[in-house]
Amino acid sequence: MRTMLAAGIAISIASLTAGSAQALTVQGRVLKGEGRQPSSGIPVSLHVVNGTEELSGKTATSDANGEYRFGGLAADPRLSYFVSTEYEGAIYTEGPVEPAANGVASQDLLIYDVGRDVGAVHVTNHHIIVEHNPDHLHVTEILVFENSGKTAYLGTGLNHAENAGIRLGLPASVKEFQPGMGGDAQSVRVQGRDLASLRPIPPGTRPFSFTYNVPLSGRMDLSHRLYFPTAKFVVLIEDPKLRLQSTSLQYAGQREQNGRKFELYQGADFPIGAEVTMRIQGAGFWSNPKIYPWIVAPFLIVGALVFAAKKGRGRAAGADPIGAGRAGEEMRFAAPIGSAARTAEPPPLPDDDFSSIYLFLIDALDRGLERGEFSKESHALVRGNLKRRLEAILSDQPRAGTR
């Protein structure tokens, strides 16, 4: 059976005496449906975790009364214990499980028959919080799902390869995705622009959250595709300089929350398959201070080289330090292989010979990334611009050995 960890199902043993040899017991019942009927013959897994490492666990099967029990567990403050079960292809986890003074931790597992009635599931609230950081936007999303049916919902997942409960279309440039409430790294999949959770959506209300970063650019697309009807969609933007362009949401003024002011955008009553268009402006290329040195550097170098080239034209060819020092680079770009130009005096540096300048900048940019002077997103953005300009310059130059 597939195993998985549920966030926050840790057993705290702070109340136990340090160094105590007391053993822990985890026990409970497997109950089914709204009637909470005891279910027998259901496999239950116990997961033992030390930090981020999962150790060997145990398995048990619920008896005629729906009860399960794991005894003789180590009361070690470094260990956390998790319980899970799988029923009709749906995975359930519960917690947190807290031991009583006698070292017994009780936790029931509630399971449901599984259905595919998507009409019983809708999102009551979808909140997006956008925070402006120096070279990226930090985005937090919180959704509240409500299943009004009597069965847990489990639909088609990514590429029809796995079943999934929650599904959502994400922006195209999501970086450093982290699951939050209602999800974990084992149960949440992000593939391209699609998010899917392997857990079912049980009857009742269930929160679900996650965070990610979006690199700064001139026009950041945060559009979402909705796989469930959504009653209310809200976007809160912390920086008033950022502007949200959307045909789906309307500006609703400012809102103060926890002592912070946010720009508020909202919409309502979105059907299944709706595309909520959102593009953020006001945090473009120039708003990232880490790229300023790389913007100024080309102009400074070009000015210095052009000045030196003009000054060098008035000197004798044999006394031209600029031309002599750059002869190798000039030949690399302009001298035909095997021609007499290899030993001839190099021509003076033309005013528009920028190819070697851009090569120098790209190399310096790569070295700056290795030294940790700026983020990978800033490096990729600036390097891409420099590379495109270099390719354009080289494509305009006459090829060596041709007429």
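The values are calculated or read from the model by the stated rules, or taken from the named source; none is laboratory data. The shown structure was predicted, so the numbers you read here are calculated from the model rather than taken from an experiment. Glycine gets a Cβ as well: all are built from the backbone with ideal geometry, and neighbour counts include every protein chain shown. Note: accessible area is taken over every heavy atom of the protein model, side chains too, but ligands, DNA and RNA are not part of it. Shrake-Rupley method; radii C 1.70, N 1.55, O 1.52, S 1.80 Å.
Points worth noting:
- Rolling a 1.4 Å probe over the protein heavy atoms of segment 35-130, with every protein chain left in place, gives an accessible area that is 46 percent carbon and sulfur.
- S39 sits among other residues whose Cβ lies under 13 Å from its own Cβ, and their net charge, with Lys and Arg +1 and Asp and Glu -1, is -3.
- Approximate spin-label separation A172-A268, in nm, with each point projected 7 Å along Cα-to-Cβ: 3.3
- At R0 = 41 Å, FRET efficiency that the Cβ-Cβ distance of H138 and L55 yields, to 0.05: 0.75
- For segment 90-180, the solvent-accessible area with a 1.4 angstrom probe is 41 square angstrom per residue.
- Amide hydrogen neighbours beyond the local backbone of E98, cut-off 5 Å, H modeled: S106
- ³J(HN,Hα) computed for each position of segment 169-184 - Karplus, 6.51 cos²θ - 1.76 cosθ + 1.60, integer Hz, glycine/proline x: x, 9, x, 7, 10, 6, 10, 6, 5, 9, x, x, 4, x, x, 7
- For segment 153-184, the residues whose amide N sits under 19 Å from a probe point set 7 Å from the Cα of R116 along the beta carbon direction are 153-168.
- Annotation: for a label point projected 7 angstrom from Cα along Cα→Cβ of S223, residues of segment 119-138 with backbone N closer than 19 Å are 128.
- Residue-span extension gain [D108 to K232] - 0.36 nm each, minus C-alpha spacing: 41.3 nm
- Heavy-atom surface analysis with a 1.4 Å probe gives segment 138-278 a carbon and sulfur content of 47 percent of its accessible area.
- Judged by the mean number of other Cβ atoms found within 10 Å, the most tightly packed of the peptides 237-247, 53-63 leads the ranking 237-247, 53-63.
- Net length available on complete extension from K376 to N65 is 106.3 nm, with 0.36 nm assigned per residue and the Cα-Cα distance removed.
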